[in-house]
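*Asks:* Handing you a structure now.
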Amino acid sequence: MISFESDYIAGAHPKILERLAETNMESLVGYGDDKYCQMAEEKIKKVCNRSDAKVHFLIGGTQTNQVVISSMLADYEGVIAATSGHISVHEGGAIEFTGHKVLALEGTDGKLNASVIDDFVTTFHNDGNHEHMVFPGMVYISHPTEYGTLYSKKELTDISSVCRKHNIPLFMDGARLGYGLASRHTDVTLPDIAELCDVFYIGGTKVGALCGEAVVFTRGNTPKHFITKMKQRGALLAKGRLLGIQFDTLFADNLYMEISRHAIDMAEKLKSLLKEKGYRFYLESPTNQQFIILENAQMAELGKHVCMSFWEKYDDSHTVVRFATSWSTTEEDLWELKKWL
């Protein structure tokens, strides 16, 4: 069965597996203090154009979101997110588990609007009872969003300005960041993100790594004793080398962007194939996630041959499903898919 279910269905890029094998017998210090983590950090700081940044390596997206958010918020604060945001929907209440409320706002195609955020925070502080309420202490956005959509540089700049106006940090979930940066329809660069966000992460799990996310604090704003906080939350990997080696490989010879562009190329071909076959799109996505509307019986029949993700109910007889390409998607995968469409 052919699979377009997600962008982490394959293991890891061969170059990463080669580097892990080559370095396997080296004796290295633990907890991210090894030379490969340091080399990876320097490479990431360089591509972000932020010499003052600090980079930490964690294992997965939910873990990263929970550790960053819970470390940066005061105990009376919550985090603003879109209702469709990953922390709002698909993380099993991981943020609430730490005692912090997700303050969900309606977005448009997965994106938050700066004026909506501004109105929400302003209204909160103008409420005479706000001392009895959960304070908005951070804004969380995903780029790409859960619907594969992207923030423009202007949209990101506007949200950043609102956050700075209200003195709250802007946190970008970059689990699929490579596919956003490689999109043919973006005007946002990695240095832009590093300039406009207070913290963000570069996703590895979905972009060629076996596992791993690189958290970037952009301006000397790493929470106090962050390593200790990582350890308290079970997020400090003893064999930190496993993450450092992977990111050092991804950011050597432009591999991260090369494989991200491949996924976008495959997504554009997938989009053309779906349009050619007359499928109806739920929205226009410029990244590696494509959403179509299927009649339920049609979805059941196609599901016998193709793995795809249920996304949401459209109406009583139709469902929105997601097809995702990745660094590992091949032309042969698309030809196989074409047989069943």
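The values are calculated or read from the model by the stated rules, or taken from the named source; none is laboratory data. Quick caveat, the model's predicted, so the values are computed rather than measured. We place every Cβ from the backbone using ideal geometry, glycine too, and count neighbours over all the protein chains shown.
*Asks:* Kindly establish whether Asp173 is in contact (Cβ under 8 Å) with a residue 24 or more places away in the chain and surrounded by 17 or more Cβ atoms within 10 Å (Cβ to Cβ).
*Replies:* For Asp173, the condition - in contact (Cβ under 8 Å) with a residue 24 or more places away in the chain and surrounded by 17 or more Cβ atoms within 10 Å (Cβ to Cβ) - is met.
*Asks:* Please count how many residues of segment 171-196 are under 20 Å from Phe57 (Cα atoms), more than 14 Å from the chain's Cα centre (by Cα) and of a type in the set (A, V, I, L, M, F, W, C).
*Replies:* Total satisfying the criteria: 1.
*Asks:* Given the criteria of a type outside the set (A, V, I, L, M), touching a Ser or Thr at 6+ places or on another chain (Cβ under 8 Å) and either modelled with pLDDT under 95 or more than 30 Å from Asp333 (Cβ to Cβ) (or both), does Lys45 qualify?
*Replies:* yes
*Asks:* Which residues, taken from segment 17-36, are more than 30 Å from Gly92 (Cα to Cα) and buried (at least 22 other Cβ atoms within 10 Å of the Cβ)?
*Replies:* Those that are more than 30 Å from Gly92 (Cα to Cα) and buried (at least 22 other Cβ atoms within 10 Å of the Cβ): Asp34, Tyr36.
*Asks:* So which strands (runs of 3 or more DSSP E) are wholly in segment 71-163 and hold at least 2 residues that are in contact with a Lys or Arg (Cβ under 9 Å, 6 or more places away or on another chain) and closer than 25 Å to Gln232 by Cβ?
*Replies:* The qualifying strands (runs of 3 or more DSSP E) are 77-82.
*Asks:* Checking the structure you have, find out if any residue of segment 92-107 is basic (Lys, Arg), in the same structural domain as Thr186 (by TED's automatic domain parsing) and more than 26 Å from Asp187 (Cβ to Cβ).
*Replies:* Yes.
*Asks:* Right, next: Give all pairs with beta carbons closer than 8 Å in which a residue from segment 21-39 that is over 15 Å from Gly212 (Cβ atoms) meets a residue that is among the polar types (S, T, N, Q); count only pairs at least 6 apart in sequence or on separate chains.
*Replies:* none
*Asks:* May I ask you to say which residue of Phe247, Phe251 is buried (at least 21 other Cβ atoms within 10 Å of the Cβ), of a type in the set (Phe, Trp, Tyr) and touching a strand residue (DSSP E or B) at 6+ places or on another chain (Cβ under 8 Å)?
*Replies:* One residue alone meets the criteria, Phe247.
*Asks:* When you scan segment 243-341 for helices (runs of 4 or more DSSP H) that lie fully inside it, which ones turn up with 2 or more residues that are more than 30 Å from Tyr36 (Cα to Cα), over 21 Å from the mean Cα position of the chain (by Cα) and in contact (Cβ under 8 Å) with a residue 24 or more places away in the chain?
*Replies:* Filter on segment 243-341 gives 255-276, 331-340.
*Asks:* In the set Thr205, Thr218, Thr222, which member is of a type in the set (S, T, N, Q), closer than 18 Å to Ala252 by Cα and out of contact with any Pro (no Cβ under 8 Å at 6 or more places or on another chain)?
*Replies:* Result of the check over Thr205, Thr218, Thr222: Thr205.
*Asks:* Continuing with the same structure: Looking at segment 90-124 only, could you name the residues that are over 26 Å from Lys165 (Cβ atoms), at pLDDT 95 or above and out of contact with any helix residue (DSSP H, G or I) (no Cβ under 7 Å at 6 or more places or on another chain)?
*Replies:* Correct list: Gly92, Gly93, Glu96, Phe97, Gly99.
*Asks:* When segment 146-202 is examined, which residues are found to be more than 23 Å from Leu255 (Cβ to Cβ) and charged (D, E, K, R)?
*Replies:* Glu146, Lys153, Lys154, Glu155, Asp158, Arg164, Lys165, Asp187, Glu195, Asp198
*Asks:* Restricting to segment 37-51, and then to whatever is under 18 Å from Gly203 (Cβ atoms) and not charged (D, E, K, R), can you tell me which residue is surrounded by the fewest Cβ atoms within 10 Å (Cβ to Cβ)?
*Replies:* Val47
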